[in-house]
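Undergrad: Supplied in structure tokens, the structure appears directly below.
The values are calculated or read from the model by the stated rules, or taken from the named source; none is laboratory data. All figures in this text were calculated on a predicted structure; none of them were measured in a lab. Note that we place each Cβ from the backbone using ideal geometry, even for glycine, and neighbour counts take in every protein chain shown. When the accessible area is computed, the model is the full protein with side chains, heavy atoms only, and any ligands, DNA or RNA have been set aside. Shrake-Rupley method; radii C 1.70, N 1.55, O 1.52, S 1.80 Å.
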Amino acid sequence: GEPGTRVVTHSGKEPAMCDCIFCKIANHEIPSTVVYEDDRVIAFDDLNPQAPVHTLVIPKKHYADITDGVPAETLGAMAHAIDEVARVKGLDKGFRVISNKGEAAGQTVMHFHMHVLGGKDLGEGLI
Ligand code: 5GP
Ligand code: ZN
């Protein structure tokens with residue numbers, strides 16, 4: 001919407017001045033391929049997949065990155081969502097989870113997210 005439009009996050013707890021693409025995905029204001037969703041988190045397929053399975057897990061409430069005071073309950077909900085993604089996507093042989101923080105890490109969307117990557121042999125190299 002317009003810059004400065006008041007958007008209520010899906011959690012309904014805090015109205016926020018938010019022009020964040022992932023907040024809009026969390027609110028179902030813009031479409032995504034949803035893999036898993038509950039009260040706190042949503043998981044959806046990445047628009048530009050880097051592996052056969054590339055799903056993003058985000059808190060519905062806006063945090064800039066993993067260091068932005070994310071509550072333990074939310075982090076636990078994200079771990080649960082990752083497990084659900086692995087089940088839905090059949091990642092029984094394993095997968096990789098990555099979270100970029102800041103420009104040196106190449107973070108492009110400033111709403112905390114975890115990448116779940118899998119569906120092929122990712123090898124032993126971390127990056
Ligand atoms: P980052 O580089 O910030 O860790 O990752 C951001 C990710 O979000 C990228 O992999 C990018 O492809 C994905 N992305 C950016 N915009 C959208 C979008 O509108 N929809 C979806 N599904 N993924 C997006
Ligand atoms: Zn956001």
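Undergrad: Express the accessible area of the chain per residue in Å², computed with a 1.4 Å probe while the remaining protein chains stay in the model.
TA: Heavy-atom SASA per residue in the chain reads 59 Å².
Undergrad: For the ranges 96-103, 77-84, what's the packing order if you count other beta-carbon atoms within 10 Å of each residue, average per peptide, and put the highest first?
TA: Ranking, from highest mean packing down: 77-84, 96-103.
Undergrad: Now for a separate question. Which percent of the accessible area of segment 32-118 is formed by carbon and sulfur heavy atoms (probe 1.4 angstrom)?
TA: 52
Undergrad: Along segment 46-54, what does the Karplus equation 6.51 cos²θ - 1.76 cosθ + 1.60 (θ = phi - 60°) give for ³J(HN,Hα), rounded to whole Hz, x for Gly and Pro?
TA: 3J(HN,Hα) across segment 46-54, in whole Hz: 5, 5, 10, x, 9, 7, x, 10, 9.
Undergrad: Evaluate the Kirkwood expression for the hydrodynamic radius of segment 22-127, namely the inverse of the mean inverse distance over all pairs of different C-alpha atoms, and round to one decimal in Å. Walk me through the numbers before you get to the answer.
TA: Details: mean 1/r = 0.0716 Å⁻¹.
Averaging 1/r across every pair of different Cα atoms and inverting gives 14.0 Å.
Undergrad: Take a quick pass over the chain and tell me how many lysine pairs come in under 22 angstrom between Cα atoms, counting only ones 8 or more apart or on separate chains.
TA: The number of close lysine pairs in the chain is 11.
Undergrad: Go ahead and estimate [θ] at 222 nm for the chain from helices alone: -39,500 (n - 2.57) per DSSP H run with n ≥ 4, summed, over the residue count, rounded to 500.
TA: Mean residue ellipticity, 222 nm, calculated: -6000 deg cm²/dmol.
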